[in-house]
1. Defining a contact as two alpha carbons under 8 Å apart and six or more residues distant in sequence, what relative contact order in percent does region 1-120 show?
2. Which FRET efficiency value, to the nearest 0.05, is calculated for residue 107 and residue 292 with the Förster distance at 22 angstrom and r the Cβ-Cβ distance?
3. Fewest first, what order do 44, 63, 275 take by the number of other Cβ atoms within 10 Å?
4. Select from 42, 256, 310 the residue farthest towards the positive end of the dipole of the chain; place +1 on Cβ of Lys and Arg, -1 on Cβ of Asp and Glu, and compute about the Cα centre.
5. Counting alpha carbon pairs within less than 8 Å and at least 6 residues apart, what relative contact order, in whole percent, applies to the chain?
6. State, as an integer percentage, the relative contact order of region 132-221 based on alpha-carbon contacts under 8 Å between residues 6 or more apart.
7. Taking a cut-off of 35 Å, what percent of all Cα-Cα pairs in region 11-300 are separated by more than that?
8. What is the fewest-to-most order of 57, 34, 133, 25 by other Cβ atoms lying within 10 Å of their Cβ?
Amino acid sequence: MTWSINSIPSQEGRTVFVTGANSGLGFDTAQALLEKGATVILGCRTLEKAERSRQKLLDETDCGKIDVLEIDLADLEKVNEALDKIAVKYKKLDLLINNAGVMAPPQTFSKQGFELQFAVNHLSHMALTLKLLPLIAKQPGSRVVTVSSGAQYMGKINLDDLQGGEGYDRWSSYSQSKLANVMFALELSKRLQQSNLDIASLSAHPGLARTNLQSTSVKLNGSWQEAIAYKLMDPMFQSSRMGALPQLLAATDPTAKTGEQYGPRFNFRGYPKICRIAPSALNSDEREQLWQLSEKLIGDAVDISKGKELLSTKK
Ligand SMILES: NC(=O)c1ccc[n+]([C@@H]2O[C@H](COP(=O)([O-])OP(=O)(O)OC[C@H]3O[C@@H](n4cnc5c(N)ncnc54)[C@H](OP(=O)(O)O)[C@@H]3O)[C@@H](O)[C@H]2O)c1
């Protein structure tokens, strides 16, 4: 049977945090969950963008509740400060959607000096998840969904230079960060199960979806060749609303299970179905190494101590 927006069960009483909620898949995900009655916290890079999205959602949606949070994932200290606000305001979190992302910019570094895609796409989302874990653990059956990409299948983790300091290749770095997303989701799932925590961790990828991801990348690189390539490829792309379905399924379908990944039926496009995880994400030693190194890089910038404690307690 085809899984669509209509398949989402009621989200009344559920509190959801979506990163990158002002644009593309994040916006459509927030809207679909609001339409089903959720309280949605819109995590956006600036308050101005968050407020603009709130207004647009209010104009187009008449259920659910909207809250906004300014969160710049390129600065771990700002991530820490932003998340403190959630912990003060909310007693539980039912769903975290690690969605925000940046694709193939020229070599850029985060505030803490990490390659931007590794920092925004992977490291900050890992920090955010571990910091929010105590709040997520308060709600049995809660979920964490991490948004990856078909680029995971081309990805390779360079454990010797995770921060991308040497020989930067913008597409390899993007693929690495998207493979890291899947590895994180899988490793988190394993650790949650080992700690007997009733939280599911899944990943999802949208195929090719018409969002701001491509135009932002073109603008940052000033590449007219890529602009033409995207124009020629346009018929292969599906709408952002369709692209958001795999993450919505992973987030809400009662039959979706921890450790699974969802993506479009025909890889680039189509209604969502369970999909193959990149073989290199199945290497548990590499996942363990990525986890340890990432924890080290997060360091004291984000207080993940309580999340780490929860995951190390065997019940
Ligand atoms: N569209 C596709 O075909 C496709 C394919 C595979 C995977 N994906 C994945 O889907 C996810 C969503 O992307 P999208 O396609 O919806 O692209 P999008 O329309 O460009 O949305 C990306 C979102 O991430 C936010 N973001 C970027 N850098 C940030 C930062 N430093 N701090 C906070 N937020 C930041 C953006 O904020 P601003 O608006 O402020 O930039 C925006 O809200 C990404 O993880 C992407 O890798 C997309």
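Any read-out appearing in this document is the output of simple, stated calculations on the displayed coordinates, not a laboratory observation. Remember, predicted model here, so these are calculated numbers, not experimental data. Because the Cβ atoms are built from the backbone with ideal geometry, glycine has one as well, and the counts that use them run over all protein chains shown.
1. With pairs under 8 Å counted, the relative contact order is 26 percent.
2. After rounding, the FRET efficiency stands at 0.30.
3. Ascending Cβ contact count within 10 Å gives the list 63, 275, 44.
4. Farthest along the dipole direction, towards plus: 256.
5. 20
6. 41
7. More than 35 Å apart: 10 percent of the Cα pairs in region 11-300.
8. The most exposed by this proxy come first: 57, 34, 133, 25.
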